[in-house]
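J.: Let me give you the structure first, and then I'll get to my questions.
The values are calculated or read from the model by the stated rules, or taken from the named source; none is laboratory data. Remember, predicted model here, so these are calculated numbers, not experimental data. Methodologically, a virtual Cβ is constructed for each residue, glycine included, from the backbone with ideal geometry; neighbour enumeration extends over all protein chains shown.
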Amino acid sequence: MQLLTHELAQEIVVRTMKILHKNINVMNEKGIIIGSGDSKRIGQLHDGALLVLKKEESLEIGEVQAFNLKGSKPGINLPIRFNSQIVGVVGITGAPEHIRSYAELVKMAAELVLEQSFLLERVQWKQRLQSEIVNRLISGEHLEEAWIKERSLFLGFHLEQPRSAIILQLCEDAETDNQKLINAIHFELSQQDLIGVTFSNEIVVLKAGSESVQTAFLKRIAALSKGKAVMAIGSIAEDNSELKTSFHHAQLLTHIGPKLDPHAELYRYQDFRLEIVLSQLAQKEQGAYAFHFYNKLLEQDKKGELVHTLDIYIKEGGELNKIADHLFIHRNTLRYRLDKITELTGKDPRNIKNLMELYMAKLVNDLK
């Protein structure tokens, strides 16, 4: 792995020159200038750097020495160390007696930038590996248990515990982006939670813990997303093989949830079990045929008055006074509407079995 790249070398140059206002050069392990405040010098061989690499110690270059060293100017050159190994050289241009006091600070700054870059790269690599594990678990294909277990343990995850799949799907007009949201979510994750991003750009969290722990987590994430993401949680997966199902349930909820309750900030599997089953039925031809009686209601109810009445009837559990108050109508008007629904569909909402059929027909229609 090449630690000292041109991009990193130039970052060291830019950072230090902002503070010192002196030209800075960074040379690689071969003594070639790969970063400099003077772009013309990039790619040149620096003999002074070669001496530093050979002797493994700092080198001051005066006017006379500079004349005899190819690619060198007066200044101080210091070795850049990482994990006790010299990986390059940093040089400050100027009379040694004028820059000697802060030469070591430049060296420290260069090594700090290098270390930060390495740690960031390591964190990003771990995130990519974790995301790959998540995608393999939720796809259910080519699980390769040994591969997943080995890499999970390397990252410190023990998969032998119940988890639920949580999906966050950014709204189209969201002003944030996935990475910003992922960074924020990372601070809310517990030690055994996995996070990844699917090929469809969905953020997926495989959340471990009890229902109460998951609920508390979801409230915090809802506050972070601020309504800019559709959020859904699937069924509890007792083992790895069930994570695909949990993810599938959550994915369905991101589609049907906003249709059924557009103002909710979260959609839970336990609240939408029936709707999930019916959404799958709605995609099949026999589903539409099974509830064809509902079509006549839709055809005759041009203003949507009867459908809305049925919706409120279901939500209020059939309590006529509450329904009439909600709709701002007289109870006699409500009875008339219920009779009209019965006449058009052959199903009386006041009969529990008929009401179930009407509700299922309505859902199948709404979820098409």
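J.: Taking the criterion of being closer than 21 Å to Tyr289 by Cα, acidic (Asp, Glu) and out of contact with any Cys (no Cβ under 7 Å at 6 or more places or on another chain), would at least one residue in segment 325-339 satisfy it?
T.: no
J.: Would you point out which residue out of Tyr336, Tyr313, Tyr269 is of a type in the set (Phe, Trp, Tyr), at pLDDT 90 or above and in contact with a strand residue (DSSP E or B) (Cβ under 8 Å, 6 or more places away or on another chain)?
T.: Being of a type in the set (Phe, Trp, Tyr), at pLDDT 90 or above and in contact with a strand residue (DSSP E or B) (Cβ under 8 Å, 6 or more places away or on another chain) holds for just one of Tyr336, Tyr313, Tyr269, which is Tyr269.
J.: Can you report the number of residues in segment 1-46 which are among the polar types (S, T, N, Q) and free of Cβ contacts under 8 Å to residues at least 12 places away in the same chain?
T.: Result for segment 1-46: 2.
J.: Kindly indicate which of Ile236, Ile195 is touching a Pro at 6+ places or on another chain (Cβ under 6 Å) and not in a helix (DSSP H, G or I).
T.: Selected residue: Ile236, the only one of Ile236, Ile195 that is touching a Pro at 6+ places or on another chain (Cβ under 6 Å) and not in a helix (DSSP H, G or I).
Per-residue answers, yes or no, for (1) assigned by TED's automatic domain parsing to the domain that holds Leu170; (2) under 30 Å from Asp177 (Cβ atoms); (3) at pLDDT 90 or above; (4) charged (D, E, K, R):
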residue	(1), (2), (3), (4)
Asp193	yes, yes, yes, yes
Glu211	yes, no, no, yes
Leu224	yes, yes, no, no
Ile233	yes, yes, yes, no
Ala290	no, no, no, no
Asp301	no, no, yes, yes
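J.: Can you work out which of the residues in segment 47-63 that are free of Cβ contacts under 8 Å to residues at least 40 places away in the same chain and hydrophobic (A, V, I, L, M, F, W, C) is surrounded by the most Cβ atoms within 10 Å (Cβ to Cβ)?
T.: Once the filter is applied, the top-ranked residue is Val52.
J.: Then there is this: Is it the case that some residue within segment 58-71 is aliphatic (A, V, I, L, M) and within 44 Å of the chain's Cα centre (by Cα)?
T.: no
J.: Looking at Glu121, Glu104, Glu111, Glu115, which one is part of a helix (DSSP H, G or I), within 30 Å of Val204 (Cβ to Cβ) and acidic (Asp, Glu)?
T.: So the residue among Glu121, Glu104, Glu111, Glu115 that is part of a helix (DSSP H, G or I), within 30 Å of Val204 (Cβ to Cβ) and acidic (Asp, Glu) is Glu121.
J.: Tell me the strands (runs of 3 or more DSSP E) entirely within segment 38-96 that contain at least 1 residues that are in contact with an Asp or Glu (Cβ under 8 Å, 6 or more places away or on another chain).
T.: Once the strands (runs of 3 or more DSSP E) in segment 38-96 are filtered for at least 1 residues that are in contact with an Asp or Glu (Cβ under 8 Å, 6 or more places away or on another chain), what remains is 75-82, 85-93.
J.: How many residues are assigned to a helix (DSSP H, G or I) and in contact with a Ser or Thr (Cβ under 9 Å, 6 or more places away or on another chain) when one looks only at segment 8-25?
T.: 5
J.: Can you tell me how many residues in segment 128-147 are surrounded by 13 or more Cβ atoms within 10 Å (Cβ to Cβ) and modelled with pLDDT of 90 or more?
T.: Matching residues across segment 128-147 total 10.
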